[in-house]
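The values are calculated or read from the model by the stated rules, or taken from the named source; none is laboratory data. Keep in mind it's a predicted model, so treat the numbers as computed, not measured. Using ideal geometry, Cβ is built from the backbone for each residue, glycine included, and neighbour counts are taken over all protein chains shown. When the accessible area is computed, the model is the full protein with side chains, heavy atoms only, and any ligands, DNA or RNA have been set aside. Shrake-Rupley method; radii C 1.70, N 1.55, O 1.52, S 1.80 Å.
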Amino acid sequence: MTNSRIRPWRRFAEAAQAVLLLGIPFVRIGGESALRFDIPTLRLHVFGTSLWMDEFFIVLIAVFFFTFLVILVTQLFGRIWCGWLCPQTVIIDLTWFLDRAKSKTFAQRAVAYSLTLLVSIIVAADLIWYFISPYDFLPALMNGTLGTVTWGFWLSLSAIIFLNYAFLRHTWCATVCPYAKLQGALFDNRTMIIGFDTRRKDECMDCRACVRICPVNVDIRNGLNAACITCTECIDACTERMEKKKRESLISYFFGSPGSSGSLVRTNVIMFASLTLLSLVFFLYLSLSRNPLDLTVLPNNEFRARTTAQGEVINAYTLAVENRGHNDLALFLRALRDGKQLKAAPEKIVIKAGEYKRIPAYVFFPASDKAIQPGMAELTLETEERYNVRIIRNVNLSVPEAP
């Protein structure tokens, strides 16, 4: 029984990632980009939710989650990210023609470098679309109104990406990549690696197919090498040769060294799995419990408490209201002091999705009601039941100063 080829599965994963990363900027949810950081408003749009700058602690928790997840996956599966999903590897594989053209004629090399430049331009544009919607970017490009700053970023990114994929390629992975350097501290004797089965070394034909095909020039037969990006090309090369002898590949995935035994569950894995789970639960809690309505009650310094001709004491405030949701809201203002409902105006406030308003507000209570004393009162903004949004702020209730 022989091994199946891994390369087609890697190509499928790489194509899916390319479609996903290029396609996400074009997806719109609730009239807004599925994933984009809007620089002018300092808002992060994430799959139907808009996070404002003062809510970025949620993003911080998400960063913690992904950091712990990456560490956990690395401890278990080694550099599987590098070989299967890293954009550096994906785009290198998508520009495979450049490696072949280096030994061809000048015209063929020129075509290969031109295609690589085109890929770099598209990738640079895609990165910008996560900040400027392609529905704004592309019409502005066609109309010649893209703007100097955007053009500058696009050209700079295109040049950097082109130089990377035209000249560095896998050299980046083997020498410069910080994640590759970090993995040396995360591996242990049970981490999954691509290795040569030394128990069957006598079966090796010394054809060197695994060495010739390795993009980082590693001889996997000499043991684990920090430069290995687990691209599995050596596995497929050995599989092809060993199939002729109707035997299994000498190179394969192993948890630790070939023939080693032991549980994948270990102290460091349990620790980072727990941190990953806790950060995920905390992130979900913060995401699901966030209030789409933000209210700040400010004192109205131009209006002091006074008694009206109708014998009511009136207090004035300024409501700074921000609707962070995707639906227009009709808000009802309520005031409560010591369990008593007070008159508040305006009774109803309409605020559109994404809108910020500063609204004068007034609270009235009878001057003759001795049960109501100066102090703290509750000011409540709430929506209809179908939206179920309610926010409460304490305000200072005062009476006119004695003449």
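Listing for the model above:
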quantity	calculated
FRET efficiency for W151 and S368, using Cβ-Cβ distance with R0 set to 60 Å, rounded to 0.05	0.30
Sum of side-chain charges, I24 neighbourhood, beta-carbon under 14 Å (Lys, Arg +1; Asp, Glu -1)	0
Square roots of 5 times each gyration tensor eigenvalue, C-alpha, segment 111-163, largest first, Å	20, 11, 10
For K181, solvent-accessible area (1.4 Å; no DNA, RNA or ligand), Å²	120 Å²
For q = 0.14 Å⁻¹, Debye-computed log10 I/I(0) when each Cα of segment 181-243 counts as one equal scatterer	-0.41
Cross-link reach list, aspartates and glutamates versus K102, counting only Cα pairs under 19 Å and skipping chain neighbours closer than eight places	D93
For the chain, built as a Gaussian network whose Cα springs stay under 10 Å, the top-fluctuating residue of P215, P299, P134	P299
Gained length - M205 relative to F56, 0.36 nm times residue gap less alpha-carbon distance	47.9 nm
Long-range Cα-Cα pairs in segment 79-126 (distance over 18 Å), rounded percent	38 percent
Candidate lysines for bridging to K343, where Cα separation is under 19 Å - those fewer than 8 sequence places away on the same chain excluded	K370
Heavy-atom surface of the chain, accessible at 1.4 Å and reported per residue (Å²)	56 Å²
Span-like helix ranges in the chain, DSSP H, alpha carbon extent 20 angstrom or more, Kyte mean at least 0.0	7-23, 57-77, 106-128, 148-163, 267-289
Exposure ranking of K352, K357 by accessible area [1.4 Å probe, largest first]	K352, K357
Most to least accessible of Y285, Y362 (protein chains only, probe 1.4 Å)	Y285, Y362
Sparse-neighbour loop sites [trypsin sites (Lys or Arg not before Pro); segment 41-102; at most 15 other C-beta within 10 Å; DSSP]	K102
Reference-scaled alpha-carbon Rg (2.2 N^0.38 Å with N residues) for the chain	1.45
GluC sites (Glu not before Pro) lying in DSSP loop within segment 266-334, provided at most 10 other Cβ fall within 10 Å	E302
For A353, net neighbour charge (Lys/Arg +1, Asp/Glu -1) across residues whose Cβ lies under 9 Å away	0
As computed over segment 141-236, the Cα convex hull volume per residue (Å³)	151 Å³
Distant alpha-carbon pairs in segment 317-361 (separation over 15 angstrom), percent	47 percent
Fraction in percent of alpha-carbon pairs per bin - 5 Å, segment 153-192	6, 21, 16, 17, 16, 10, 7, 5, 2, 0
Efficiency of FRET between T318 and N291 - r from beta-carbon atoms, R0 22 angstrom, step 0.05	0.65
Largest to smallest principal axis extent of the C-alpha atoms in segment 1-98, angstrom	57, 31, 26
The chain: most fluctuating residue of S50, S158, S260 per GNM, C-alpha cutoff 10 Å	S260
